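Comments concern the structure below.
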Amino acid sequence: MTEKQPYTVISEHDGYEVRLYPAHILAQVDADGSFFEAGNQGFRPLIRYISASNISMTAPVIQAPGESKKYTVSFVMPAGATSVPAPRDTTVRTTDVPEQRVAARRFSGGSNEEKYQQNADALLAALNRDCVAPLGAVYFARYDPPWKPGFLKRNEALVVVR
């Protein structure tokens with residue numbers, strides 16, 4: 001079983017839930033290309049990093065929009081990790097993330113950029129309806145391996161909120 005990033009559901013709303021994520025560490029890399037290409041390109045150096053560092057794979061894999069045609073792809077480090085080995089690959093960095101409130105909209109399907117965008121738009125519309133202010137851009141979480149059938153895959157559109 002792959003460890004999943006822990007969180008506590010604070011409240012449930014029509015179209016999303018608000019979660020509290022504890023402080024955690026991310027291993028990250030910036031990747032160019034389309035949404036799908038960047039996800040694949042970012043995955044490789046991250047898997048090399050955790051493999052060389054003897055760090056267990058966790059879920060989700062996070063993909064956030066960056067500048068222009070760049071995305072930041074992140075692996076969540078195992079729960080309770082307070083430090084991780086320094087990456088040898090200069091394209092990989094580690095980032096400490098403080099405890100945060102996040103609005104999340106869950107959906108199924110494969111790595112289809114249109115589906116991700118539709119869910120991002122629906123999440124932002126629901127937050128706007130409920131007068132909840134997003135802090136930053138919507139990012140995406142993928143919980144399943146690529147070989148799992150799309151209709152069974154767990155995906156989420158997420159955004160930090162006040």
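Relative contact order for the chain using alpha-carbon pairs under 8 Å, separation at least 6, rounded to a whole percent? Intermediate values should be presented prior to the final figure.
Details: 343 pairs, mean separation 43.7, N = 162.
Relative contact order here is 27 percent.
Rounded to the nearest 20, the size of the Cβ-charge dipole of the chain about its Cα centre is 260 debye, with Lys and Arg at +1 and Asp and Glu at -1. In this calculation the C-beta distance from Thr95 to Ser11 is compared with R0 = 30 Å, giving a FRET efficiency of 0.65. Of the solvent-accessible surface of the chain, computed with a 1.4 Å probe and all protein chains present, 52% belongs to carbon and sulfur.
With each label modelled as a point 7 angstrom along the Cα→C-beta vector, the Val84-Asn40 pair spans 2.4 nm. The length gained by stretching the chain between Asp130 and Lys148 to full extension, at 0.36 nm per residue less their Cα-Cα distance, is 3.0 nm. Which of rounded, prolate or oblate describes the stretch 32-102 when judged by the alpha-carbon gyration tensor and an a/c cut-off of 1.5? Oblate shape, in that a/c is at least 1.5 and b/c is the bigger or equal ratio.
Taking the average, over residues, of other Cβ atoms within 10 Å as the packing measure, peptides 145-153, 27-35 rank 27-35, 145-153 from highest down. Which one, (1) 31, 23, 15; (2) 25, 18, 15; (3) 71, 34, 13, gives semi-axes √(5λ) of the Cα gyration tensor in Å as derived from the coordinates shown? Label of the calculated value: (2).
Can you work out the accessible area per residue across the chain, with the rest of the protein chains kept in place, probe 1.4 Å, in square angstrom? Please report the intermediate quantities before stating the final value.
On the way: 8880 Å² over 162 residues.
For the chain, the solvent-accessible area averages 55 Å² per residue.
Compute the Cα gyration tensor for the stretch 85-162, then decide on rounded, prolate or oblate, letting a ≥ b ≥ c be the square roots of its eigenvalues: rounded whenever a/c is under 1.5, prolate when a/b is larger than b/c in the other cases, and oblate in all that remain. Because a/c hits 1.5 or more and a/b fails to exceed b/c, the stretch 85-162 counts as oblate.
The values are calculated or read from the model by the stated rules, or taken from the named source; none is laboratory data. Remember, it's a predicted structure, so these values are computed and weren't measured experimentally. Here Cβ is always computed from backbone atoms with ideal geometry, including for glycine, and neighbour counts include all displayed protein chains. Note: accessible area is taken over every heavy atom of the protein model, side chains too, but ligands, DNA and RNA are not part of it. Shrake-Rupley method; radii C 1.70, N 1.55, O 1.52, S 1.80 Å.
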